[in-house]
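Below is one structure, written out as structure tokens, with a few remarks after it.
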Amino acid sequence: MGTTVKRDLLIQFLAASMAPVPTTVAATTVGLAPSPEALAAVDVLLLLSPEVTATSDGWVTSADTRDRRIPAALRAYAEAHPDKHIFRGAAALGHLPAEDQMTEQQLRELLSSTGEFQLLANGMIKRGRK
């Protein structure tokens, strides 16, 4: 399988995933053994791809839809405040435009699909991993 085909498969896989994808998972998805060389090659390939962004938990496609911008905003807030394991949703999402705002139920469903964060009953967000 050529590099272009593997890159396209990686981008498609990342786009379908709502949660960040670790390099090892991305490599095995396209049929590469998780050797240090293969993982480094996947990292370089994704790092040079403008469609994807690296996070502390793995790779995500660039935020281009509301369902991607909201988790991206939460990740950015969480990375900027690593000492906070629970934080106000309004603090992390307040800067987003009105068309990106969701109802509590929509936000709860989105967050449950990623597993990264959990919406608590009081409007607080709890990190789901780490």
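The values are calculated or read from the model by the stated rules, or taken from the named source; none is laboratory data. The model shown is predicted, which means the values in this text are computed figures rather than measured ones. Please note: Cβ atoms are built from the backbone with ideal geometry, for glycine as well, and neighbour counts cover all protein chains shown. The protein model used for the area step is the full one, side chains on, heavy atoms only, and it has no ligands, DNA or RNA in it. Shrake-Rupley method; radii C 1.70, N 1.55, O 1.52, S 1.80 Å.
In the stretch 112-127, of all residues being modelled with pLDDT under 90 and open to solvent by less than 60 Å² (accessible area, probe 1.4 Å), the one that is nearest to residue 65 (Cα to Cα) corresponds to 114.
Yes/no per residue for (1) aromatic (Phe, Trp, Tyr); (2) modelled with pLDDT of 85 or more; (3) closer than 17 Å to residue 13 by Cβ:
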{"position": "32", "(1), (2), (3)": "no, yes, yes"}
{"position": "37", "(1), (2), (3)": "no, yes, no"}
{"position": "61", "(1), (2), (3)": "no, no, yes"}
{"position": "73", "(1), (2), (3)": "no, yes, no"}
{"position": "106", "(1), (2), (3)": "no, yes, no"}
{"position": "109", "(1), (2), (3)": "no, yes, no"}
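For the stretch 88-125, taking the residues that are among the hydroxyl-bearing types (Ser, Thr, Tyr) and outside any loop (DSSP other than H, G, I, E, B), the one that is farthest from residue 58 (Cα to Cα) is identified as 112.
So which residues in the stretch 75-91 are under 23 Å from residue 15 (Cα atoms) and either in contact with a helix residue (DSSP H, G or I) (Cβ under 7 Å, 6 or more places away or on another chain) or not hydrophobic (A, V, I, L, M, F, W, C) (or both)? Those that are under 23 Å from residue 15 (Cα atoms) and either in contact with a helix residue (DSSP H, G or I) (Cβ under 7 Å, 6 or more places away or on another chain) or not hydrophobic (A, V, I, L, M, F, W, C) (or both): 75, 77, 79. Could you run through the stretch 34-54 and say how many residues are open to solvent by less than 30 Å² (accessible area, probe 1.4 Å) and either assigned to a loop (DSSP other than H, G, I, E, B) or among the polar types (S, T, N, Q) (or both)? The number of residues fulfilling the criteria is 1. Scanning the stretch 67-95 for residues that are touching a residue at least 24 places away in the same chain (Cβ under 8 Å), over 13 Å from the mean Cα position of the chain (by Cα) and open to solvent by 70 Å² or more (accessible area, probe 1.4 Å) yields a count of 4.
Of all residues in the stretch 40-55, those that are farther than 23 Å from residue 78 by Cα have Cβ atoms under 6 Å from Cβ atoms of residues that are at pLDDT below 90, 6 or more apart or on another chain, in 45/7.
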